[in-house]
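Asks: Let me give you the structure first, and then I'll get to my questions.
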Amino acid sequence: MQYDEFYEKPDDALRDRRSREYRDLFIVPFFPRDKNSRVLDLGCGYGLFLNACRDSGYQNIFGVDYNVAAVEYATKTIGLKNVRFGDAFAYLEGQLDNSFDVITAVNFVEHIKKEHVPRLFSLVSKKLKNGGKFIMEVPNADSIHGVHTFFSDMTHEWAYTKPLLIRLMRQTGFGDVKVVPNRVRASKLIRLAQKVLTKIVSGDDQLQYAGSIIAVGRKT
């Protein structure tokens, strides 16, 4: 399966939109204020998340992806200096322990076979500094929209519920774990309908209508 069969090269408009989205959803609420923080993005693809980090003032940014075309785009078109081609596990193993302030995995973990995910999380924990953050986004198995997201891409291996992510992260060295919906509809009428339906079946109305969830854990 070719990477670009599912992920076309972005144009300028998409790059700008993603930069704003990533800033609002990930960087502003969860990143450290120190712009010298060392940030690693696993499965960085075309480099859009790292581009958002750079736009937000972070310069010590690194990425790895197992697709040559994506890495070429990130380095040559976007101009990211520290993006490497390779396997994320091998890349992590080659880094010094306690060397990153933030490690991100935006729409990456769902591509990893489930039996390898605990090892990935443990590696991330080893490479983070004490108090460093692991931030990820994955399809939301608690939501019908998340199920649609999961089955929209044949390269997806697994979807995740909030309790599963919390348990996995706590078992692999993370505390203060927080899981939030990626985004919900802004329409007041739609949100009201969602709240009413959720009261009938019980649960978290935002979580049940979000296609993806964001999980954040701090290395303890």
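The values are calculated or read from the model by the stated rules, or taken from the named source; none is laboratory data. These numbers were taken from a predicted model, which means no experiment stands behind them. A quick note on method: Cβ atoms are made from the backbone with ideal geometry, for glycine too, and the neighbour counts reach across all protein chains shown. Note: areas computed on protein heavy atoms with side chains; ligands, DNA, RNA excluded. Shrake-Rupley method; radii C 1.70, N 1.55, O 1.52, S 1.80 Å.
Asks: Return the residues of the range 63-89 that are surrounded by fewer than 22 Cβ atoms within 10 Å (Cβ to Cβ) and farther than 20 Å from residue 111 by Cα; say none if nothing qualifies.
Replies: 72, 73, 75, 76, 77, 78, 79, 81, 82
Asks: Right, something else. Where the second residue is polar (S, T, N, Q) and open to solvent by less than 60 Å² (accessible area, probe 1.4 Å) and the first is closer than 12 Å to residue 42 by Cα and lies in the range 78-100, which pairs have Cβ atoms under 6 Å and are six or more apart or on separate chains?
Replies: Note: pairs meeting the criteria are 83/75.
Asks: Next question, about the same structure. Quick one: count up the residues across the range 156-179 that are open to solvent by 40 Å² or more (accessible area, probe 1.4 Å), touching a residue at least 40 places away in the same chain (Cβ under 8 Å) and within 22 Å of residue 43 (Cα to Cα).
Replies: 3
Asks: Go through 74, 90, 105, 69 for me and flag whichever is in contact with a Phe, Trp or Tyr (Cβ under 6 Å, 6 or more places away or on another chain) and small (Gly, Ala, Ser).
Replies: Criteria check complete, one pass: 74.
Asks: Could you list all residues from the range 132-187 that are in a helix (DSSP H, G or I), modelled with pLDDT of 95 or more and basic (Lys, Arg)?
Replies: 167, 170 - these are the residues of the range 132-187 that are in a helix (DSSP H, G or I), modelled with pLDDT of 95 or more and basic (Lys, Arg).
Asks: Criterion first (open to solvent by 20 Å² or more (accessible area, probe 1.4 Å), assigned to a loop (DSSP other than H, G, I, E, B) and modelled with pLDDT of 95 or more) does residue 101 satisfy it?
Replies: The answer is no for residue 101.
Asks: Right, here's the next one. Looking only at the range 111-131, filter to residues that are open to solvent by less than 50 Å² (accessible area, probe 1.4 Å) and in contact with a Phe, Trp or Tyr (Cβ under 6 Å, 6 or more places away or on another chain); which one of those is farthest from residue 216 (Cα to Cα)?
Replies: Only one residue fits best here, namely 127.
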